[in-house]
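Data block below; observations after.
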2 protein chains.
Amino acid sequence: MSADVGNSVGHRQASLSATLGNDIVLVDPEEMLRFCRDWHGDVTSGAIAVLRPRSTQDVCAAVKLCRELGISIVPQGGNTGLVLGGIPDQPDAQVILSLERLNSVRRIDADDFSAVVEAGCVLSELKDRIAEKGMFFPLALGAQGSCRIGGNVATNAGGINVLRYGMTRELVLGLEVVLPDGTVFNGLSTLRKDNRGIDLKQLFIGSEGTLGIITAVSLKLTPLPDQIATALLGLNSLNDVMSLYRRARRQCCDLMSAFEFMPPLAFTLAKEAIPDLPIPMAADYPAYVLMEISGSGLIDISDLMQRFLAGVMEDGLVVDGVIAASEAQTRNLWKIREGMNEGQAKRGQHMRTDISVPLSRLADFVEDAEKAVSEALPTCVSVSYGHVGDGNVHLNVLPPQGSSKEEAAAMIYQAKTVVNGVVDRFSGSISAEHGIGRLKRADFEERLEPAHRHLLAALKRAIDPSMVMNPGCQLNFPDRS
Amino acid sequence: MSADVGNSVGHRQASLSATLGNDIVLVDPEEMLRFCRDWHGDVTSGAIAVLRPRSTQDVCAAVKLCRELGISIVPQGGNTGLVLGGIPDQPDAQVILSLERLNSVRRIDADDFSAVVEAGCVLSELKDRIAEKGMFFPLALGAQGSCRIGGNVATNAGGINVLRYGMTRELVLGLEVVLPDGTVFNGLSTLRKDNRGIDLKQLFIGSEGTLGIITAVSLKLTPLPDQIATALLGLNSLNDVMSLYRRARRQCCDLMSAFEFMPPLAFTLAKEAIPDLPIPMAADYPAYVLMEISGSGLIDISDLMQRFLAGVMEDGLVVDGVIAASEAQTRNLWKIREGMNEGQAKRGQHMRTDISVPLSRLADFVEDAEKAVSEALPTCVSVSYGHVGDGNVHLNVLPPQGSSKEEAAAMIYQAKTVVNGVVDRFSGSISAEHGIGRLKRADFEERLEPAHRHLLAALKRAIDPSMVMNPGCQLNFPDRS
């Protein structure tokens, strides 16, 4: 009996608090709630406790104690993930370890084109601090006001600037990681080139907390672009969008920083979310592109955009277009993109996807997948948009308005099966940028080749033999050895 | 006795030939010589055999057979490595597995901005094939006429365009790898974004053949730059070179594709190698920069270079400069850079290094390191040059002409100790781009932190528990488990 009591949640909470202190250990359900509920509010879980360390040493102590107590750890950054990677699935066996208090900017060095920051820094605040020094950190995504850099690295976040600057992986120079045994891997160098053996930091980038806890990051910076030109363009087809992208890559050199496609429905959805949003163009073209060129220094970016558009309009590739003439107009154009997402949310429960396919097959994929959805679910509406340069499509499916919760859930389940089937035919990915977490684990495991699974399991056993780190995320590994 | 005979080199050669065939297995010492001698000709080793598979399936068969026979495998691409990663150090226990016959271009797809190629493709030939389709593969290094893409990936090769396009790692979309158990990891996708769990290909990039054999690669392509502007500039100091770099990054946007610094001695050395090489500038400035801006499309690259140089010359940051007015002149400017290397080789045995330091400390590092060398070895000459944007310095030390082989070797050994000490003080890397191989293993191991070593050993045991793959390269791991 005493062993059972000794292993109860209450007992483990007491052990955590006694050793780590009440400042670090939250056990009150009210206080824990915001850590236990996911970004969309779809899932609310629980945890033995939420640990809020203030330093790397605190994280080490927490990891060592959890190992002793037989508790596993779900690391969490800004809790903005979309695949439940930071939400416990075994509330009685897991703690959440929040990095939000490790939020110091250790160094921003414009001469070194680098910054060294702690995992809990909020992305947009970090970008602002870096901009004050005339530098730029290119990662840009919808959640940037809440997400934290450690989570961005752990999930290898994407976003709208990937086409020019790469995924988060390509923006990381170094990492500090607390390993599953509670020791620290010190890899916080700012060297641009370092070929001393296998690059261990790559393992942790995108591992979603399954191999260790990222506590600090060295980032690659670029000069702050002081000129930005943004245009909204109307085109006759998604095939024309792809032709425009290829031409833009060539003609605008490598200075294009965003190239998003949207369907005409984007305007309707954006208006539903933001009724007074000005829409500067007719909504009757089959496809739209939001395009941004940016740069610093001696190149006239606005002139480049104008000359590019003059050519493609003369050739009929672009039918209609507006270039933002002010910062306010630029913000409004981006609000269409953002409002489109909010409008979908307002229509209620719907299927969200995060697909990538080879760039050359994007238009065909969207056509095939939307057709498959409309055949299987004629009352649903498909909304496809995304980051053309990355072959990344968010093909979402909205059940008809007025559907019951159960009806919507059934349609979403069916839509997912239909779309994933098309993704497989196109050799695409079911997670281009959001990760696997717990939400996509089954779909991921189902598609894993044996050699791939074998390597992942071998890696996990090698680095986290006690299976302390984020069990249930990405893969269901065998129990601890 | 029979056990000994059964395990003799001759017996194992016979077993290899019998199973894999004489077409694939070379055992004649003459024929094996070019595979067993390193690029600089410093080291000539041997091997049980050289295996030359023609397909991925052949590689699988070879790996399985070697495991059975208790033979370990040293993979080799173009044999242009500079750190002996592809040269056996246990000739009686190792085979060389050459990838040179796996040299098909499986696909070049301009619309997909990608290519899928086999490991044995020669880099320059590949670049030419890709250019024929109007596309560009940016990896560029001295050995490109001989090195092969599989080796470039296995060593994460750097080169002169890294500042704009990144190391080889950033140019790879996917890999096909034969694992140490003879199975195949199929990761040859061309997706630009794919966040399905841990990115396994990152493990093999830069692993120098210690975890598996790369048999094919998917590459990221960009539009072929159709405008290139190249300039040779004279400056008053290395500090001015660093200021110029920072200004160029900002003012030339991200369009700078090379920024190399050289000392005045570069001209002398280049002339020693190529006596009729035209040198278009006086050799009496303390520092030189070879700078390239490139791009495609609507930006006037030559005008950009001219406006940039006008500004920096007006401000006195650049004292003298020439812009190449023809392709022939461009080639001649690059010949100074290449001739400088050949000139060093002509002066005989010397110390070559491949150092990186934080970008902001490059000028201080060169000053300190050259001073330390001249104090310790006053008769030697230091030549520092390299890739400024990457913080990558090749600080070489030339013993005085007429030194005996033994004298030169002693001075080289001492110079290395002195320079490595300065590298450590600057938190630099002793291998920025060449890798560790066997040449730098001891220096690498000496500097490894325990957590780092522990992770590397755990990884090796996880993926290559039988220690079949390139033992002796990067680290001396414990014997096979």
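The values are calculated or read from the model by the stated rules, or taken from the named source; none is laboratory data. Keep in mind that this is a model prediction, so the values were computed, not measured. Quick reminder, even Gly has a Cβ in these numbers, built from the backbone with ideal geometry, and neighbours come from all protein chains shown. The area values use the complete protein model at the heavy-atom level, side chains included, leaving out ligands, DNA and RNA. Shrake-Rupley method; radii C 1.70, N 1.55, O 1.52, S 1.80 Å.
Is the shape of the stretch A:279-350 best called rounded, prolate or oblate, per the rule: a/c under 1.5 gives rounded, else a/b larger than b/c gives prolate, else oblate, with a ≥ b ≥ c the square roots of the Cα gyration tensor eigenvalues?
It is oblate, given that a/c is not under 1.5 and a/b is not larger than b/c.
In sequence order, what are the phi-derived ³J(HN,Hα) couplings for the stretch B:392-399 according to the Karplus relation 6.51 cos²θ - 1.76 cosθ + 1.60 with θ = phi - 60°, rounded to whole Hz, with x for glycine and proline?
Karplus-based 3J(HN,Hα) across the stretch B:392-399 equals 9, 10, 9, 9, 9, 10, 9, x Hz.
Starting from the Cα of A:Lys127, draw a straight line to each of the lysines and keep only those under 21 Å, dropping any in the same chain fewer than 8 residues away.
Excluding near neighbours in sequence, the set is A:Lys220, A:Lys335.
To the nearest µm²/s, what D does Stokes-Einstein give for chain A at 4 °C and 1.567 mPa s, using the Kirkwood radius over alpha carbon pairs as Rh?
Answer, rounded: 54 µm²/s.
Taking a cut-off of 23 Å between Cα atoms, list the lysines near A:Lys64, but don't count ones fewer than 8 places away on the same chain.
Qualifying lysines at Cα under 23 Å: A:Lys201, A:Lys460.
Please compute the average number of Cβ atoms from other chains found within 10 Å of each residue's Cβ in peptide A:42-54.
Mean shielding by partner chains, rounded to a whole number: 0.
Which GluC sites (Glu not before Pro) in the stretch A:356-396 pass both tests, a DSSP loop state and at most 12 other beta-carbon atoms within 10 Å?
Passing both the DSSP loop test and the Cβ count: no residue.
I'd like to check one number: the per residue accessible area of the stretch B:105-223, probe 1.4 Å, reported in Å² as a whole number.
Computed with neighbouring chains in place, this is 24 Å² per residue.
Rank-order B:69-81, B:324-336 by packing density, defined as the average count of other C-beta atoms within 10 Å over each peptide's residues, highest first.
B:69-81, B:324-336
Which shape class applies to the stretch B:188-309: rounded if a/c is under 1.5, otherwise prolate when a/b exceeds b/c and oblate if not, where a ≥ b ≥ c are the square roots of the Cα gyration tensor eigenvalues?
In terms of gyration-tensor shape, prolate.
Ignoring ligands and nucleic acids, what accessible area does B:Glu125 show with a 1.4 Å probe (Å², nearest 10)?
Surface open to solvent at B:Glu125 totals about 110 Å².
Give me the summed buried accessible area for the B-A pair, 1.4 Å probe, to the nearest 100 Å².
Buried: approximately 7400 Å² between A and B.
Pick out, from A:Gln94, A:Trp39, A:Leu82, the residue whose Cα sits farthest towards the positive end of the charge dipole of the stretch A:9-98, with +1 on the Cβ of Lys and Arg and -1 on the Cβ of Asp and Glu.
So the residue we want is A:Gln94.
Applying the Karplus parametrisation 6.51 cos²θ - 1.76 cosθ + 1.60 with θ = phi - 60° to the phi angles of the stretch A:152-163, what ³J(HN,Hα) value in whole Hz is obtained for each residue in order, glycine and proline being reported as x?
Once θ is set to phi - 60°, the couplings for the stretch A:152-163 become 4, 6, 4, 9, 6, 4, x, x, 8, 9, 4, 4 Hz.
Which one of A:Ala328, B:Ser326, A:Ala131 is farthest out on the positive end of the charge dipole of the protein assembly as shown, using unit charges on Cβ (Lys, Arg +1; Asp, Glu -1) and the Cα centre as origin?
In the protein assembly as shown, that residue is A:Ala131.
Pop out the ³J(HN,Hα) list for the stretch A:56-67 in order, Karplus 6.51 cos²θ - 1.76 cosθ + 1.60 with θ = phi - 60°, rounded to Hz; leave Gly and Pro as x.
Values per residue, Gly and Pro as x: 4, 4, 4, 5, 4, 4, 5, 5, 4, 5, 4, 4 Hz.
Among the aspartates and glutamates, which have Cα under 15 Å from the Cα of A:Lys133 when same-chain residues fewer than 8 positions away are ignored?
Within the straight-line limit of under 15 Å, A:Lys133 reaches these aspartates and glutamates: A:Asp109, A:Asp111, A:Asp112, A:Glu125, A:Asp226.
List every residue whose amide H lies under 5 Å from the amide H of B:Asn161, counting only residues 5 or more places away in sequence or on a different chain, with H placed 1.01 Å from N in the peptide plane.
Answer set, sorted by chain and number: B:Ala140.
Sort shortest first the distances from A:Gln13 to its counterpart in every other copy, using label points 7 Å along the Cα-to-beta-carbon line, and give them in nm.
For A:Gln13, the other copies' label points sit at 7.4 nm, shortest first.
If you restrict to DSSP beta bridges whose two residues both lie in chain A, what percentage is antiparallel, to the nearest 5?
If we restrict to bridges inside chain A, about 90 percent are antiparallel.
Taking the convex hull of the Cα atoms, report for the stretch B:227-426 its projected area averaged over all directions, in nm².
Quarter of the Cα hull surface area: 11.1 nm².
Counting only Cα atoms, I'd like the Rg/Rh figure for the protein assembly as shown, Kirkwood definition for Rh.
Reported Rg/Rh (Cα atoms, Kirkwood Rh): 0.97.
Tell me the distances, shortest first, between B:Glu406 and the same position across the other copies, using label points 7 Å along Cα→Cβ, in nm to one decimal.
For B:Glu406, the inter-copy label distances come out at 9.4 nm.
Indicate the residues belonging to the stretch B:173-191 that lose 50 Å² or more of solvent-accessible heavy-atom surface (probe 1.4 Å) upon moving from the chain alone to the assembly of all protein chains, ignoring ligands and nucleic acids.
Flagged in the stretch B:173-191: B:Leu191.
For chain A, find the longest principal axis of its Cα atoms and tell me its angle to the long axis of helix A:327-346, 0 to 90°, nearest 10.
60
Once R0 is set to 56 Å, what does the formula 1/(1 + (r/R0)^6) return for the Cβ-Cβ distance between B:Asp284 and A:Ser8, expressed as a FRET efficiency to the nearest 0.05?
With R0 = 56 Å, the Cβ-Cβ based efficiency is 0.10.
How big is the antiparallel share of DSSP beta bridges in the stretch B:1-120, given as a percent to the nearest 5?
In the stretch B:1-120, approximately 50 percent of DSSP beta bridges are antiparallel ones.
Give me D for the stretch B:1-159 in µm² s⁻¹, whole number, from Stokes-Einstein with Rh from the Kirkwood sum over alpha-carbon pairs, 25 °C and 0.890 mPa s.
For these conditions, the coefficient is 147 µm²/s.
By its C-alpha gyration tensor, with a ≥ b ≥ c as the square roots of the eigenvalues, how is the stretch A:402-474 shaped: rounded for a/c under 1.5, else prolate for a/b larger than b/c, else oblate?
Oblate is the answer for the stretch A:402-474, as a/c is 1.5 or above yet b/c matches or exceeds a/b.
Report, please, the projected area of the stretch B:105-223 averaged over directions, based on the convex hull of its C-alpha atoms, in nm².
7.0
Name the long-range amide H neighbours of B:Arg37: under 5 Å, sequence gap of 5 or more, or other chain; modelled H, no Pro or chain starts.
B:Ser45
Could you state the orientation-averaged shadow area of the convex hull built on the Cα atoms of the stretch B:82-167, in nm² to one decimal?
With every direction weighted equally, the projected area is 6.3 nm².
Can you give the charge dipole size of the protein assembly as shown about its Cα centre, rounded to the nearest 20 debye, using +1 on the beta carbon of Lys and Arg and -1 on the beta carbon of Asp and Glu?
Computed about the Cα centre, the dipole is about 960 debye.
Shortest first and in nm with one decimal, please list how far the A:Glu446 label point sits from its counterparts in the other copies (point 7 Å along Cα→Cβ).
In ascending order, 5.6 nm.
In angstroms, what radius of gyration and Dmax does the stretch B:9-98 have, counting Cα atoms only?
12.1, 34
Taking the Cα centre of the stretch A:197-294 as the origin and placing charges on Cβ (Lys, Arg +1; Asp, Glu -1), which of A:Ile279, A:Phe204, A:Thr268 is farthest toward the positive end of the dipole?
A:Phe204
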